[in-house]
2 protein chains.
Amino acid sequence: MLSKNEIKLINSLSQKKYREVHQLFIVEGKKSILEFLDSHMELHHLYSTSDDFDVEKNKHSLITEQELKKASSLKTPNTCIALFRISKSKTIDFSKLVLALDDVRDPGNLGTIIRLCDWFGVEHLVCSKATVDCYNPKVVQATMGSLARVSVHYTDLAAFLGSSNVPIFGAFMDGANIYSHILPKQGILVMGNEANGISQEVASSIKKRVGIPQFGDAKSAESLNVATATAIMLSEFARRSIGT
Amino acid sequence: MLSKNEIKLINSLSQKKYREVHQLFIVEGKKSILEFLDSHMELHHLYSTSDDFDVEKNKHSLITEQELKKASSLKTPNTCIALFRISKSKTIDFSKLVLALDDVRDPGNLGTIIRLCDWFGVEHLVCSKATVDCYNPKVVQATMGSLARVSVHYTDLAAFLGSSNVPIFGAFMDGANIYSHILPKQGILVMGNEANGISQEVASSIKKRVGIPQFGDAKSAESLNVATATAIMLSEFARRSIGT
């Protein structure tokens, strides 16, 4: 059973202001839900059309496909939808590489970047306040469960960088060749907005400007997408960390 | 002016079978259109709401915003839409790295991969017949103009690999560490389908299985998205080609 109030609550959570009020977010799809159940994240409630989940009974409701359709934001809803509690931010561990995003706006890009952090062992992602919310259902969907393992922080990015004591790298079109630049194990790597790159305010804290060299003809692609550029940058930091 | 027949033609080109009949494809947005005009691609006709294009008069029609809305497949149409002729495939140049895709289905992924080829100087992209069509409007949009500079070929991929004389690399989850593997300047790199990876039939032609090592906790991301994995693989081949 799914009450009208529950449908109303679930639907409201597609908006950031209601996620902040209730401190809850939506996860859809069995695979993603299992990854969140298997993490430190706290389940608020699980709604599913079948009984094959190992969760406390008072946190699980069996619902019909019709009810799921009303609750889901997906065109082709899965068999289950879950609400998890937004977790408190962990303290940032500066002994490893930290990734920072300056106003990344596309939910698919943020989701892909969180998945990359998970792959490359980046545990902390620091986002400017204008970066898309990581609990946006489209972001959660795109992380494929990786959001359960990466700590995402929202803060005044310029102030955060200004007060940090580790080397700060930033991705710029005209930055120094990332392949031959010395890359330490500790540091912060800043990636910029899809259209405008890194803002001036944030750039002023960046001492090391790095870039991905362009190959082939001079009259070539104008830029790389921020998610693919992040993939290459994180790959380079990871490669150096193992001495290859 | 935009006649009913022209609207019908433009709308039909969102379907592959009509693109094949007419040998035409759609490009939307001024920036992308300028990149195609500036390439070897042959303009069939340009429709725009303003006159600021330098093209032959008989290939350019001024249209109203209302007319553009009827022709465009975009939610928020731009100021222009153009039809270009599908170009004949160039001969593949095996003196450089060639990228091959085995059934990549998502238009956004193919678009991003074409943009990556452009960045990394990969001139030829060979796709299995089940790979999404590169002239699909969503792919064209996602390439940001790079499709004008990368030659895309559709063929029986297993047969193509079987008859080639250069080293064949394939991306596998359990492949050898790409960072320490010897990577030559010549060769073919095969990337697989989003859900299933490289098919068995294609895999049988692949002698060198390479992979991107996972960092951080063992209980981590299950896989990388094919576009981000391609970004990292192409970055590695490019990096080695310049001896870094």
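The values are calculated or read from the model by the stated rules, or taken from the named source; none is laboratory data. Just so it is clear, the structure is predicted and the values come from calculations on it, not from any experiment. Reconstructed Cβ throughout: ideal geometry from the backbone, glycine too, with neighbour counts over all protein chains shown.
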- Message: On the basis of being in contact with a helix residue (DSSP H, G or I) (Cβ under 6 Å, 6 or more places away or on another chain) and assigned to a loop (DSSP other than H, G, I, E, B), does A:Leu2 make the cut?
- Response: yes
- Message: For a quick check of your reading: which strands (runs of 3 or more DSSP E) sit entirely within the stretch B:143-244 and have at least 3 residues that are touching a residue at least 60 places away in the same chain (Cβ under 8 Å), of a type outside the set (Val, Ile, Thr) and more than 9 Å from every other protein chain (Cβ to nearest Cβ)?
- Response: B:187-191
- The one condition in (1) modelled with pLDDT of 90 or more; (2) not assigned by TED's automatic domain parsing to the domain that holds B:Val140; (3) not in a helix (DSSP H, G or I) that B:Arg19 fails to fulfil: (3)
- Query: Do we have A:Asp93 as surrounded by fewer than 18 Cβ atoms within 10 Å (Cβ to Cβ) and modelled with pLDDT of 90 or more here?
  - Reply: yes
- Message: Residues that are in the same structural domain as B:Leu9 (by TED's automatic domain parsing) and farther than 30 Å from B:Phe169 by Cβ: list the strands (runs of 3 or more DSSP E) wholly contained in the stretch B:58-104 that include at least 1 such residues.
- Response: B:60-62, B:80-85
- For the stretch B:40-56, state whether one or more residues are closer than 30 Å to B:Asn165 by Cβ and not assigned by TED's automatic domain parsing to the domain that holds B:Val166. yes
- Note on the structure: Across (1) touching a strand residue (DSSP E or B) at 6+ places or on another chain (Cβ under 6 Å); (2) farther than 16 Å from A:Phe94 by Cβ, A:Asn177 clears everything bar (1)
- Query: Within the stretch B:217-243, restricting attention to residues that are at pLDDT below 95 and in contact with an Asp or Glu (Cβ under 7 Å, 6 or more places away or on another chain), which residue is surrounded by the fewest Cβ atoms within 10 Å (Cβ to Cβ)?
  - Reply: B:Ser220
- Any idea how many residues of the stretch B:100-142 are within 13 Å of another protein chain (Cβ to nearest Cβ), surrounded by 22 or more Cβ atoms within 10 Å (Cβ to Cβ) and under 20 Å from B:Ser72 (Cα atoms)? 2
